[in-house]
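Visitor: There's a structure below that I have some questions on.
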Amino acid sequence: MLNYIKVHKSETFFVFLITIFALVLRLVALHNFGDLWVDELFSFYFANKKSLLEILASLFCEDFHVPLYFVLLHYWIKIFGQSDFTLRVLGCILTTCSIPVCFYVVKNLFGNKTCAYLSALFLAIQAFNIHYSTEVRFYGMSITLILLSSYFFAKLVQNILHIRYAIGYLLSSILLLYTYNFSFMFVFCQFIIGLVYILLKKKESLFKFIKIYLIIAFLYIPVLIYILHNIFMYKNAILSFYRDVIGFEISLIFTYFLTCFSNIFDQFITNDIMLSRYMLKNIFNLYLVAFAVIPISIGFVGLINVVVKKIKDTNFILFSVPSIILILIQLVLVLSHQLALTFRYTVATTTVLLIISVCGVCLLKNKFLRVFLISLWLFVNCTYYFVAPHSALNRQLVYTKLFLKEYNNTDIKSSDYVMISRFGKVLTKYVNKGIRIDFDTYDAFLLGIRPYDIEFIFGKNFADKLNRKNAKTYLYEYLITDYPSAVLVNNLHNKCFSQMKKGQKFILITDETSYMETLPEIQAMFKNIDSYRRSAIYYPLAARIVEDIIFAAGQDLKLINVKRTDIFFSIFVFEK
């Protein structure tokens, strides 16, 4: 290592410079990021368990994600503490490593230093990479591992007897499989491409190739059991993440390429299918031409050129084709309603497509055109950070900060009852006063791990009938009418309100405020049965349940205060 640095001083210096530049951008983004949003609070919730076994048990019972990142975060918390900033630093370090890794992967696979420098530079300024460098999730760490796995895979398949490549691929792939759920599909795509290559070129190495994947399969068994359990658990949920929370439109494919090649960032904030439709409708305004059409067009020029130039290059095929097959598989799953197309699920393909597109532009024969397109692409994507009101560098997301100010100013005694209608268990990082009423619509409807909450709302007979296939039919009348659930009202009265003494408070904390305000319009729209069948119902359903809780509390208690903290949160304070 030291000898390599001595021999390649200028190369090492420039890679170091690009990495420091990338780190500075990520530290700016980290400083401006805002507070933790829901998914990040889930990361903290699992990582903050008392022991490794408790983390694994909790993930097994309550979540879908594999454990490595949460285990690392657990020990990071023990050493450095649990402030929001500290929690983000771990991901920042792990993801910034993708920049030098990108350089050496491209240099060694494509044999072109210019391509390597520019690939690292584009990855350094990519909004997707910056965002997941600063989020308390495992996606940024996955980018680094995907690049390592792709490199060692390409080298291993061509040098099956080389022990260094075998060990490198085993380690990077196992770490990836234990970090990111969809990585099993990625490794499977690698296996298929590698198998085809071995059968065509190196039949004598087939057994050694299969043996490596048998080792991976054996080491993957604990995670496979875990994933199968979670798939079964999720299939038993009342509502579907795809159908009832996030829909799909073909226009999202445009937003996917926007994510790969441009730094327009809105899709990370909203995950909103309406964004894609709006952008396509207004695609020829100056703003979108500059920051969407130009970078996407250059990206496609690079893609086409690299395919033409490298179609027979084994390194290119082994590096890029698994990711391309993966995105096609994901698209099929989305179209068959088995998967929601949220852009964090595309970490493998987003990164690889950017790299090979940059290489494609670098390989253009016309020097003037090559320099012009690279310069324009860099200029447009960098300029975006200075003109956009929100970008990966200044996201400033506020999920709980405004709410916490009002919450801390609310006089909550240890004898008061507190109900958080959604995400209650993860908000315990901030909300820890009073007697908690254990109730959560998210776990009840989407994860399927709290059937007793469904009974608490609708009663046992109704709950026993509900499943994912009939939920929309059975919940229709409840959603379109204003009659509260008698079961929910009675349960709250018998189990909570009637037990309270004079002066005790009931505090309801909800992040359904915006949906509660639009609920009458949604109910009117839902009266058209066809519109109802096409629509996602989870958020209106959660808002409807909160309205029933407020109604029930009003029957027994006196409403003494309502605090609207932001577009998400409201705090309702009732007193006996």
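The values are calculated or read from the model by the stated rules, or taken from the named source; none is laboratory data. Just so you know, these numbers come straight off a predicted model, no measurement behind them. Quick reminder, even Gly has a Cβ in these numbers, built from the backbone with ideal geometry, and neighbours come from all protein chains shown. Each accessible area value is taken on the protein alone, full model and side chains, heavy atoms only, with ligands, DNA and RNA left out. Shrake-Rupley method; radii C 1.70, N 1.55, O 1.52, S 1.80 Å.
Visitor: Under 18 Å between alpha carbons, and skipping anything fewer than 8 positions from Lys558 in its own chain: which lysines qualify?
Guide: Lys413, Lys495, Lys501, Lys502, Lys505, Lys576
Visitor: Another question about this same structure. Tell me the label-point distance for the pair Thr342, Tyr483, using the 7 Å Cα-to-Cβ offset, in nm and rounded to one decimal.
Guide: 3.6 nm
Visitor: Using a simple charge model, +1 on the beta-carbon of Lys and Arg, -1 on the beta-carbon of Asp and Glu, nothing else, what dipole does the chain show about its Cα centre, in debye to the nearest 20? It would help to have the intermediate numbers written out before the result.
Guide: Details: 55 positive and 36 negative charges, 381 e Å.
Computed about the Cα centre, the dipole is about 1840 debye.
Visitor: On a straight-distance basis, which lysines could pair with Lys211 in a cross-link, Cα separation under 30 angstrom, same-chain partners fewer than 8 positions away excluded?
Guide: Lys107, Lys155, Lys201, Lys202, Lys203, Lys310, Lys312
Visitor: If I model a spin label at Arg436 and Thr314 as a point 7 Å from the Cα along the Cα→Cβ vector, what separation in nanometres do I get?
Guide: With each label point 7 Å from Cα toward Cβ, the separation is 5.6 nm.
Visitor: Taking the Cα atoms only, what angle lies between the long axis of helix 314-335 and the longest principal axis of the chain, rounded to 10 degrees?
Guide: With rounding to tens, the tilt is 20 degrees.
Visitor: If you don't mind, there's one more thing I want to ask. Between the stretch 514-564 and the stretch 152-197, how far is it from one alpha carbon centroid to the other, in angstrom?
Guide: Here the answer is 49 Å between Cα centres.
Visitor: Same structure again: How much area per residue is accessible in the stretch 1-143 when the probe is 1.4 Å and only protein heavy atoms are counted (Å²)? Don't skip to the end; give the middle numbers.
Guide: Numbers: 5540 Å² over 143 residues.
Per residue, the stretch 1-143 has an accessible area of 39 Å².
Visitor: So for the stretch 151-232, averaging the separation of alpha carbon pairs under 8 Å that are six or more residues apart and normalising by length, what relative contact order in percent results?
Guide: Values: 44 pairs, mean separation 26.1, N = 82.
Relative contact order here is 32 percent.
Visitor: Please report, in debye to the nearest 20, how large the charge dipole of the stretch 391-431 is about its Cα centre when each Lys and Arg carries +1 at its beta carbon and each Asp and Glu carries -1 there. Can you show the working numbers first?
Guide: Values: 7 positive and 3 negative charges, 48 e Å.
For this selection, approximately 240 debye.
Visitor: Follow-up question, since we're still on this one. Express in Å², to the nearest 10, the accessible area of Lys465 obtained by rolling a 1.4 Å probe over the protein heavy atoms while all chains stay in place.
Guide: About 110 Å², ignoring ligands and nucleic acids.
Visitor: May I ask you to give the percent of accessible area on the stretch 425-576 that is carbon plus sulfur, with a probe radius of 1.4 Å? Can you show the working numbers first?
Guide: Numbers: 3670 of 7040 Å².
Reported share for carbon and sulfur atoms: 52 percent.
Visitor: A further question follows. How high is the FRET efficiency between Thr473 and Asp411 when r is their beta carbon distance and R₀ equals 41 Å, given to the nearest 0.05?
Guide: Numbers: r = 45 Å, r/R0 = 1.09.
Once the sixth-power term is evaluated, E becomes 0.35.
Visitor: Suppose a student asked you for the relative contact order of the stretch 351-439, using Cα pairs under 8 Å spaced at least 6 residues apart; what percent would you report? Let's see the in-between values first.
Guide: Numbers: 43 pairs, mean separation 15.9, N = 89.
It comes to 18 percent, rounded to a whole number.
Visitor: Given Cα pairs under 8 Å that are at least 6 residues apart, what percent is the relative contact order of the chain? Write out the running numbers ahead of the final one.
Guide: Working: 804 pairs, mean separation 93.6, N = 576.
RCO, the chain: 16 percent.
Visitor: Using a 1.4 Å probe and counting only protein heavy atoms, arrange Thr513, Thr481 so the residue with the most accessible area comes first.
Guide: Details: Thr513 10, Thr481 35 Å².
The ordering from most to least exposed comes out as Thr481, Thr513.
Visitor: How large is the accessible surface of Leu318 in square angstrom, using a 1.4 angstrom probe and rounding to the nearest 10?
Guide: Its heavy atoms expose roughly 0 Å² to the probe.
Visitor: Also, quick follow-up: Pulled fully out, how much extra length does the chain show between Lys201 and Asn108, if you take 0.36 nm times their separation in residues and subtract their Cα-Cα distance? Write out the running numbers ahead of the final one.
Guide: Working: separation 93, 0.36 × 93 = 33.48 nm, distance 2.14 nm.
Length gained between Lys201 and Asn108: 31.3 nm.
Visitor: Per residue of the chain, what 222 nm ellipticity follows from adding -39500 (n - 2.57) for every DSSP H run with n ≥ 4, rounded to the nearest 500? Mind showing how you got there, number by number?
Guide: Details: 29 runs with 380 residues, N = 576.
The per-residue figure over the chain is -21000 deg cm²/dmol.
Visitor: OK, next. What net charge do the residues around Leu59 carry, taking every other residue with its C-beta under 15 Å from that of Leu59, with Lys and Arg at +1 and Asp and Glu at -1? Working shown, then result.
Guide: Details: positive: Lys49, Lys50, Arg137, Lys425; negative: Asp39, Glu54, Glu62, Asp63, Asp443.
Result for the neighbourhood of Leu59: -1.
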